[in-house]
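The values are calculated or read from the model by the stated rules, or taken from the named source; none is laboratory data. Just so it is clear, the structure is predicted and the values come from calculations on it, not from any experiment. All Cβ positions, glycine included, derive from the backbone under ideal geometry; neighbour counts span all protein chains shown.
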Amino acid sequence: MADIIIIGGGAAGMMAAVAAAGTGQNVVLIEKNEKLGKKLFITGKGRCNVTNACEVTDFFQNVMDHAKFLYSAVYGFDNHAVMAFFEQAGCPLKIERGQRVFPKSDHSSDIIRALEQTIRKSGVTVLLNTEVKKIKSLPIEENIEGGKEKKQIGKKKQRYCAKVSQLELYDRTTGRQSVMRADKLILATGGCSYVLTGSTGDGYRFAEECGHQIVPTMPALVPFAVKEEWCHQLQGLSLKNVQVSVVVDGKQIYSDFGELLFTHYGVSGPLILSASSHYVHKACGNGNCSGEAKLLIDLKPALTKEQLDKRVLREFDENKNKQFKNVINSLFPAKLIPLMPVLSNIDPDKRVNEITKEERERFVQTIKQIELTITGLRDYNEAVITKGGVATNEVSPSTMESKLVKGLYFAGEVLDLDALTGGFNLQIAWSTGYLAGTSAAAACE
Ligand SMILES: Cc1cc2nc3c(=O)[nH]c(=O)nc-3n(C[C@H](O)[C@H](O)[C@H](O)COP(=O)(O)OP(=O)(O)OC[C@H]3O[C@@H](n4cnc5c(N)ncnc54)[C@H](O)[C@@H]3O)c2cc1C
């Protein structure tokens, strides 16, 4: 019989296996896909931004919610420990812009290989093509009264209302079903973004069936869909060094500089992904977004309106007899040229010496603030991460064990934790996976 069973062979599950097996326990890692780390493979556009080399304290600022819950996990196995682990496992790393850490080879497969080799060397049994269908737990009678969990006595004394007992498995190659006994179980099934990688939200169902609360899930780090149809004409246009602000019901909830990409449905790119996470956390309670949401784009954030007006005046003075549409091409990329006269309501064929002061002011105002109406978020298949999941207040931050079900541990994206881009989400998976693995192993002794 296995001492510890881990469900999910993604980042968190593999790290949990490494940590648990390192203590000499008999560990089984169950993955429904035909191979381990399917999502890891596509991370960082195939290069895997494995962590961030920032100060550990800065890490927490990039976590969207419940950063305190992560203190023990992150201080116990921080970004530097993660980097040392991969270097020692034969995968040299490099640090790029924004302290993002990648494998030197630029291949995510090298990260997966390092983990797989460590797992196999430690004697972990890996069951591929094996899907967990159900988790069963048994009530702990003495802690339950009249069908209800007895009140916890004192802060330190943990009273569980159930303990894990067994799993129902389905072998995807043979179609056979089986049952496995379990005393210590680590749930590392991920979220529900990029479903083809295996993240189908099974862990939420398992946790719920065990009595856990699931914070409503939503796609995060995800592109925005917008109402304005002219966006389609700009599809493929990438704007670097613009400023984007998100305003909900007249209140600004996010503003930053960076790169934006126009798509056939709206906007994407690094800046928009970050904006979406702030939007989801600040304007979308209980899985629903409310309020009128606007995205404001400043095409020239380095210039004040006055400076920009002077710059435009100079262009106009130097090209007095030229048509408006031919004068503004020094100010924007080609795809934007036909659109700017439309947005600022100026005849593109008008000669610039005929443009009125009001029209020029309108033009400057448009450059400083293009307004888009956010109609929603794109779906989970385009989301880097899932917001929501197993409520952290029902999980012990110092062990990752359930406070309700003895022997049940959680790790990675299945928890109600998410962070911004830059390697922080994988760091959450490594740290919580490591803590769940070592805690489960310690509980076996
Ligand atoms: C396109 C993309 C790019 C990303 N790039 C980065 C990046 O560069 N840096 C970064 O920090 N983060 C990145 N992320 C986020 C990062 O991938 C996740 O935070 C991380 O993979 C979460 O790890 P996990 O182990 O919790 O879940 P997952 O990696 O999703 O692993 C869960 C595993 O559980 C398995 N599973 C699920 N249910 C069952 C079941 N019933 N039975 C058996 N097995 C099951 C799944 O098949 C899967 O393999 C990216 C995400 C995406 C989608």
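Applying the selection to the range 310-354, what residues are part of a helix (DSSP H, G or I), farther than 21 Å from GLY236 by Cα and touching a Lys or Arg at 6+ places or on another chain (Cβ under 7 Å)?
Those that are part of a helix (DSSP H, G or I), farther than 21 Å from GLY236 by Cα and touching a Lys or Arg at 6+ places or on another chain (Cβ under 7 Å): VAL312, PHE324, VAL352, ASN353.
Every residue, every condition in (1) closer than 22 Å to ALA220 by Cα; (2) of a type in the set (Lys, Arg); (3) away from the ligand (no atom under 13 Å from the Cβ), yes or no:
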position	(1), (2), (3)
ALA16	no, no, no
ASP78	no, no, yes
PHE85	no, no, yes
ARG100	yes, yes, no
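Can you name every residue in the range 379-393 that is on the phi < 0 side of the Ramachandran plot and crowded, with 18+ Cβ neighbours inside 10 Å?
Answer for the range 379-393, where residues must be on the phi < 0 side of the Ramachandran plot and crowded, with 18+ Cβ neighbours inside 10 Å: TYR380, ALA383, VAL384, ILE385, THR386, LYS387, VAL390, THR392.
Any residue at all in the range 212-220 that's surrounded by fewer than 17 Cβ atoms within 10 Å (Cβ to Cβ), within 26 Å of ASP418 (Cβ to Cβ) and out of contact with any Asp or Glu (no Cβ under 7 Å at 6 or more places or on another chain)?
Checking the range 212-220: at least one residue is surrounded by fewer than 17 Cβ atoms within 10 Å (Cβ to Cβ), within 26 Å of ASP418 (Cβ to Cβ) and out of contact with any Asp or Glu (no Cβ under 7 Å at 6 or more places or on another chain).
Within the range 247-274, work out how many residues are part of a helix (DSSP H, G or I) and among the hydrophobic types (A, V, I, L, M, F, W, C).
So the first thing to find is which residues in the range 247-274 are part of a helix (DSSP H, G or I), and the list is 270-274.
Checking which are among the hydrophobic types (A, V, I, L, M, F, W, C) leaves us with 271-273.
Qualifying residue count for the region: 3.
Inside the range 7-116, counting only strands (runs of 3 or more DSSP E) that do not spill past its ends, which hold 3 or more residues that are more than 19 Å from the chain's Cα centre (by Cα) and closer than 22 Å to GLY437 by Cβ?
Per the criteria, 27-30.
Please find, among THR51, THR57, the residue that is farther than 13 Å from LEU115 by Cβ, more than 6 Å from the ligand (Cβ to nearest atom) and without any contact (Cβ under 8 Å) to a residue 40 or more places away in the chain.
After ruling out the rest, the residue left standing is THR57.
Test ALA225 against the stated conditions and say whether it is within 14 Å of the ligand (Cβ to nearest atom) and either more than 20 Å from LYS32 (Cα to Cα) or modelled with pLDDT under 95 (or both).
For ALA225, the condition - within 14 Å of the ligand (Cβ to nearest atom) and either more than 20 Å from LYS32 (Cα to Cα) or modelled with pLDDT under 95 (or both) - is not met.
For the range 340-357, name all the residues that are over 13 Å from LEU299 (Cα atoms) and out of contact with any strand residue (DSSP E or B) (no Cβ under 8 Å at 6 or more places or on another chain).
Result: PRO341, VAL342, SER344, ASN345, ILE346, ASP347, ASN353, GLU354, ILE355, THR356, LYS357.
Can you name the residue in the range 275-288 that is part of a helix (DSSP H, G or I) and of a type in the set (S, T, N, Q) and is also nearest to THR386 (Cα to Cα) among such residues? Show your work before the answer.
Narrowing the range 275-288 to residues part of a helix (DSSP H, G or I): 275-283, 285-287.
If we keep only those that are of a type in the set (S, T, N, Q) too, we end up with 276-277, 286.
Numbers: SER276: 12, SER277: 10, ASN286: 13 Å.
Only one residue fits best here, namely SER277.
Restricting attention to strands (runs of 3 or more DSSP E) lying wholly within the range 355-445, give those where 3 or more residues are away from the ligand (no atom under 12 Å from the Cβ), in contact (Cβ under 8 Å) with a residue 12 or more places away in the chain and over 13 Å from the mean Cα position of the chain (by Cα).
Per the criteria, 370-377.
Between a residue in the range 323-339 that is farther than 18 Å from VAL364 by Cβ and any residue that is of a type in the set (Lys, Arg), which pairs come within a Cβ distance under 9 Å, given they are 6 or more apart or on different chains?
Qualifying pairs under 9 Å: GLN323/LYS350; GLN323/ARG351; PRO338/LYS325.
Go through the range 181-209 residue by residue and tally those that are more than 14 Å from SER137 (Cα to Cα) and either outside the structural domain of SER165 (by TED's automatic domain parsing) or among the acidic types (Asp, Glu) (or both).
So the answer is 1.
Each row is one residue, and each column tells you yes or no for (1) farther than 24 Å from GLY98 by Cβ; (2) buried (at least 16 other Cβ atoms within 10 Å of the Cβ).
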| position | (1), (2) |
| --- | --- |
| LEU237 | no, yes |
| VAL244 | no, yes |
| LEU261 | no, yes |
| GLY269 | no, yes |
| ALA283 | yes, yes |
| ILE297 | no, yes |
| LYS300 | no, yes |
| LEU313 | yes, no |
